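Data block below; observations after.
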Amino acid sequence: MRFDAITLFPEMFAALTAAGVCGRAHGRGLWGLKTWNPRDYALDVHRTVDDRPYGGGPGMVMMAEPLARAVEAVRQDRLRAEAGEADAAPAPVVLFSPAGVPHEQALAHEWAHSRGAIIVCGRYEGVDQRFIDAYVDYEISLGDYVLSGGELAAMVWLDSIVRLVPGVLHDAASAEQDSFAAKAGGLLDCPHYTRPEQWRGMAVPEVLMSGHHERIGAWRQAQALALTRMRRPDLLQAGAAKPNEPAGSDR
Ligand code: 9D3
């Protein structure tokens, strides 16, 4: 599994390959990441990658040509690396943008079984639409809040995917029991406790000390349901329309 990130801030991605679950998996060769700076593919001596928007308005727009040349360089590099591989296929191009389809756990599972992608991180007000039309296969958002660029969104997206890659997590069950995982029925997770039994006058719930596995399971289920009803009632609306699904698309 190989990802290539086209970004004006390649150094940000070091966090992903250096630390934690993703860092360890990277060290074990379970996934790879290469960064590419669009400035290196600019056409002028000033290495310009942005310009003012046609039609006016605030901010700057990322120019199409440096991004396009960066994607072409990645594709050449991937062809060289994959030479002789029987199952080699062109990698999809993914743009991170506030106008994208919202990311979610089910999509993380789908990407976890892919060969990877070419990631484009937007900065400034956005990316020239002609680059998107010509090169981008998927436009992805992380949610309805404003970031200063696509890098952190891409890193969160990558983290959600890499931890699901077979062999990355030691305990496969821990992924499945996460909040939002299918086996938890799409509920928030129940509360957790560890030693000591008393902490600053607060006790651990009786039932967890009982050793009665059936009652413990029922308690956790009830806690998860109550928490979900309180914080995320939207998760309990089975079959509710999602923002990326047109009305009536479920027939
Ligand atoms: C005035 C309109 N703004 C769009 C909501 C402008 C704008 C804000 C922030 C344009 C680009 C950005 C930078 N954000 C991203 O590149 C981004 C993002 C985000 O801001 N929120 C959630 N997911 C993502 S993915 C990329």
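The values are calculated or read from the model by the stated rules, or taken from the named source; none is laboratory data. Since the structure is predicted, the reported quantities are computational estimates derived from the model, not experimental observations. Note that we place each Cβ from the backbone using ideal geometry, even for glycine, and neighbour counts take in every protein chain shown. Heads up: the accessible areas ignore ligands, DNA and RNA and are worked out on the full protein's heavy atoms, side chains in. Shrake-Rupley method; radii C 1.70, N 1.55, O 1.52, S 1.80 Å.
Structural remarks
- Matching residues, region 7-45, being in a loop (DSSP other than H, G, I, E, B), of a type in the set (A, V, I, L, M) and surrounded by fewer than 17 Cβ atoms within 10 Å (Cβ to Cβ): ALA19, LEU30, LEU43, VAL45
- Selected residue (criterion: surrounded by the fewest Cβ atoms within 10 Å (Cβ to Cβ)) from residues of region 73-96 that are under 21 Å from ILE140 (Cα atoms) and more than 16 Å from the ligand (Cβ to nearest atom): PRO90
- Of the residues making up region 100-151, those that are open to solvent by 70 Å² or more (accessible area, probe 1.4 Å) and near the ligand (Cβ under 10 Å from one of its atoms) number 7.
- Just one of the listed residues (GLY167, GLY186) is at pLDDT below 95, more than 16 Å from the chain's Cα centre (by Cα), more than 16 Å from the ligand (Cβ to nearest atom) and assigned to a loop (DSSP other than H, G, I, E, B), namely GLY186.
- Odd one out for LEU158, checked against (1) within 13 Å of the ligand (Cβ to nearest atom); (2) in a helix (DSSP H, G or I); (3) closer than 30 Å to GLY57 by Cβ: (3)
- Condition met for ALA25 (farther than 23 Å from ALA112 by Cα and either in contact with a helix residue (DSSP H, G or I) (Cβ under 8 Å, 6 or more places away or on another chain) or of a type in the set (Ser, Thr, Tyr) (or both)): no
- Within region 53-69, tally of residues that are open to solvent by 30 Å² or more (accessible area, probe 1.4 Å), more than 15 Å from the ligand (Cβ to nearest atom) and of a type outside the set (A, V, I, L, M): 3
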